[in-house]
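Presented below is the structure to which this report refers.
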Amino acid sequence: MSGAPVASHRGHASSAPASKNASSTAETIFEARGVNLRFGGVQALTDVSFGIRKGELFSIIGPNGAGKTSMVNCISGRYKPTDGKVYFKGRDVTGMTPNHRASLGIGRTFQNLALFGHMTVLDNIMVGRHHLLKNNFLTGSLYWLTGARKEELAHRREVEEIIDFLEIQHVRKATAGTLSYGLRKRVELARAIALKPDLILLDEPMAGMNLEEKEDMARYIVDLNEEFGMTVVMIEHDMGVVMDISHRVMVLEFGKKIAEGMPEEVLANPRVRRAYLGEDDEDEAAPATAVRKEVA
Amino acid sequence: MTLFFQLLVNGLIVGALYGVVAMSFVLIYKASRIVNFAQGEFLLIGAWTCWWLLTSWQLPFWLGFPITLVFMLIFGVVLQVVVLRPMIGEPIISVIMVTIGLSIVFQAAMKWMFGVFAKPFPPIFAHATMDVFGLQVQTVYVVSLGISILIMAGFGWFFKYSRLGLAMRATAFDQQVAQSLGISVRQMFAMSWAISAMVSAVAGVTVGVVNGVSSALSFFGIKVFPAVILGGLDSVIGAVVGGLIVGVLENVAHYLDSQWLNWGNMYEIAPFYVLIAILMVKPYGLFGTKDIERV
C-alpha cells in the first residue's frame, strides 16, 4: 500500500536539522503495524504502518480529512484500531485506555483548545501531574503525615520550571479561559509537558497563530525535542514550519500512507505533490512539469 | 416571636443538612452528568445501617457510625461499578430512569428488611435538647450543624487544593482531556459516588436520630431538588446556599401558615413554589453555569 521511499537506508544523521539526540541509531519508541480504522462505512485509516524513533521530531501531514488526527488518536488511545496493532516502547498497547497510555508516557495536546477554562493556569498544569502523584484519596487526606505535602512541593518546583521554559510566568495565576489564543496554546503545551511524557503528540500546535506566535511555538517545540529529549509527533498544516523543524515526515491521503521520509525527500515525491495540488494527471512520469503547468 | 426565632434556627440547621445532601447530589452531577433520583435512598440506607448496628449489634455510636460510613463508601463504589458503569455512553434519559428504578428498589428493600414503621434510635446524647441563646434546640442538630460545616469546609478544601479534587474537576470539565492527562475517568466516577453516598449517610443518620428512621427519610432526597436547582445544578457553593434557603423557607412558611394563613402543609410545599418563581427569573439557578453558545 505504502510504496513510497523510506528514509531509513540513508540514516538520520546526514540530514541537517537532525540534532544530536536524533542521530543515535534508530531505537523505535512507537510503532504502528497495519492500522485500520473504520467508522461504520467510513474507512478513516487503511493499513498504515510506521515507526517513530526515540528522540525524533516526526510530523504527520496531509490534506484535510486525510486521517491525521485519527492516527494521532490511535496513538493516544482515544480510538482503538479496527485492525492492526500499536506498540509503545516495545509493548502492545492496542487495547489500553488513554489514561493508562498517558501514565506509560504518551502526552498530547488537542486540535481545538481543550483547557479547563475555569481553572487557573497553575491548576491546569497541575492536573497534568496527576498520574505522577503517589498519594491516593485515603493517604492524601492525611496530608501532613503521609508525605503528600512534600510530594506536592516537589511537583510545584518542576511545574515552575515548565512555566519558565514556556515563558508564561506572568499569567501563572490567571484563569485559563481569559487568556489570548496564543497563550492558551502555550498553557496547553505546558500541561502536556507536565505529564513528563516520553512521546508527545501535538495536534496542530500552530493553527490560527500569527507569524510571531508560530516562530515562538516552533522554537519551543525544537527545544522540547532537543533539550528535554522528548520524542515529538506533530500534525501541522504550515509546510514551512514542518519542513524546517521535522526530522522525518509522513504523508497521509484518504487514510493511506503515501510517503515517509526526510522533509526534502517527501517534498520531492510526486505523489505528495499530486495529493497537495489535487491535480489529476494521467502522466505519472512527469509530475514536475505538470505542476509547473498548473502554476503557470 | 420566640417561636419565629426557634423556627429560624431550626431552619438554618435543617438547611445545612439539605446543603450537605445537595452537595453530594451536585458532586455526582458534576462528575458524571447523572441526575441521581436515588439520593434520598442513600440517606435511608445510611440511617437504617447505623440503626441496625446500634440496636441489633449493640455497638456504641462512636463505633457504629464510622462503620456505617465505611459501608456506604463501599456501597457507593459497588453501585457505580455494577449498575451505572455499564450505562456510560447511554442516553441521559435512560440513566435517569435507572436511578429512579434504584430509588424504588431501595425503598422497597428497606421496607422489607426493617418494616414500615418509624423506629427510634437509641438515645445517643445525655441531653436530647440543649439551650442555645435561650432557644431549645435538639443536641443532635447542634452536633450535625458542626458536622455539616466540617463537611462543607472539607469539600471546599478537597476541590480547591487537593490533586484528586483537581482531577475530579478536570473530569467534570472534559473527560477526553482528563484521560489524555492520565486520569482514570472510571475511578473518578466511582469515587464521586462513594463520597456522595457517604456524605448523604451522615445526613441520614442525623435526621434519623431526631425523627426516627422510616421511609419518610427519602423524602429528603426530593427536598434536595429545589435546593440544588435553586443554587444551580453544577455549583457546590450554590448547593449549600440553596439548602440553607430551602431550610429557612419551609420553616418561615410554616410559621406564617400557623400564625395567619392556616392553609395547611406549607412546610412541605413552600420551597417548590419558590423554586418555580426562581426558575422563571433565573433558569440556570442562582450560581449555575449558563451554556453560552458562540456562533
Legend entry - Other-chain or far-sequence residues with amide H under 5 Å of B:Phe121's (modelled H): B:Gly212, B:Val213
Inset, instruction - With r as the distance between the Cβ atoms of A:Glu161 and B:Ile93 and R0 = 41 Å, compute the FRET efficiency 1/(1 + (r/R0)^6) and round to 0.05. - result: 0.30
Legend entry - Residue-by-residue Karplus 3J(HN,Hα) for segment B:58-74, coefficients 6.51, -1.76, 1.60, Hz, glycine and proline x: 6, 6, x, 4, 5, 9, x, 5, x, 4, 4, 5, 4, 4, 5, 4, 5
Inset, instruction - Could you give the size of the charge dipole of the protein assembly as shown about its Cα centre, using +1 on the Cβ of each K and R and -1 on the Cβ of each D and E, expressed in debye and rounded to the nearest 20? - result: 1380 debye
Inset, instruction - Rounding to the nearest 20 debye, state how big the charge dipole of chain B is about its Cα centre with +1 on each Lys and Arg Cβ and -1 on each Asp and Glu Cβ. - result: 580 debye
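Report, in deg cm²/dmol and to the nearest 500, the calculated mean residue ellipticity at 222 nm for the protein assembly as shown, where each DSSP H run with n ≥ 4 adds -39500 (n - 2.57) and the sum is divided by the residue count. Walk me through the intermediate numbers first.
Numbers: 22 runs with 313 residues, N = 591.
After summing the helix terms and dividing by residue count, I get -17000 deg cm²/dmol.
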Legend entry - Overall form of the protein assembly as shown per C-alpha gyration tensor (a/c, 1.5; a/b vs b/c): prolate
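Excluding B:Gln179 itself, what net charge comes from residues whose Cβ is under 12 Å from its Cβ, given Lys and Arg +1 and Asp and Glu -1? Kindly include the intermediate steps, with their values, before the conclusion.
Numbers: positive: A:Arg78, A:Arg101, A:Arg108, B:Arg186; negative: B:Asp174.
Residues near B:Gln179 contribute +3 overall.
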Inset, instruction - Provide a whole-number value for the mean count of partner chain Cβ atoms within 10 Å of the Cβ atoms in peptide A:102-109. - result: 3
Legend entry - Coarse-grained scattering of chain B at q = 0.09, 0.12, 0.16 Å⁻¹, given as base-10 log I(q)/I(0) from a Debye sum over alpha-carbon atoms: -0.44, -0.79, -1.37
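Compute the signed sum of charges (Lys and Arg +1, Asp and Glu -1) over the other residues within less than 10 Å, Cβ to Cβ, of B:Phe159. Don't skip to the answer; put the middle values down first.
On the way: positive: B:Lys30, B:Lys160, B:Arg169; negative: none.
With Lys, Arg at +1 and Asp, Glu at -1, the net is +3.
May I ask what percent, to the nearest 5, of DSSP beta bridges between residues of the protein assembly as shown are antiparallel?
On the way: 26 of 42 bridges.
Around 60 percent of the beta bridges assigned by DSSP in the protein assembly as shown are antiparallel ones.
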Inset, instruction - May I ask you to list the aspartates and glutamates whose Cα is less than 15 Å away from that of B:Lys282, ignoring any residue fewer than eight positions away on the same chain? - result: B:Asp234, B:Asp291
Legend entry - Other-chain or far-sequence residues with amide H under 5 Å of A:Arg53's (modelled H): A:Ile29
Legend entry - Label-point gap, in nm, between A:Ala268 and A:Glu27 - each point 7 angstrom along Cα→Cβ: 3.2 nm
Legend entry - Simple spin-label estimate for A:Asp92 and B:His127 in nanometres, 7 Å along Cα-Cβ: 7.2 nm
Inset, instruction - List the residues whose amide H sits under 5 Å from the amide H of B:Thr129, counting only those 5 or more places along or on another chain, with H placed 1.01 Å from N in the peptide plane. - result: B:Thr139
Legend entry - Cα-based reach from A:Lys85 at 16 Å (exclusive), listing aspartates and glutamates while leaving out same-chain residues under 8 positions away: A:Glu31, A:Asp47
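For the pairs A:Lys80/A:Lys257; A:Lys89/A:Lys256; A:Lys150/A:Lys196, flag any whose C-alpha to C-alpha distance is greater than 21 Å. Write out the running numbers ahead of the final one.
Numbers: A:Lys80/A:Lys257 18 Å; A:Lys89/A:Lys256 24 Å; A:Lys150/A:Lys196 19 Å.
From the list (A:Lys80/A:Lys257; A:Lys89/A:Lys256; A:Lys150/A:Lys196), the Cα-Cα distance tops 21 Å for A:Lys89/A:Lys256.
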Legend entry - Qualifying aspartates and glutamates (Cα of each under 12 Å from Cα of B:Lys160; at least 8 residues distant if same chain): A:Asp123
Legend entry - Estimated inter-spin distance, B:Gln176 and B:Ile104, nm [label 7 Å along Cα→Cβ]: 3.7 nm
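Quick note: the coordinates plus some simple rules give every number you see, no bench work behind them. Here the structure is a predicted model, which means the values were calculated and not measured. All Cβ positions, glycine included, derive from the backbone under ideal geometry; neighbour counts span all protein chains shown.
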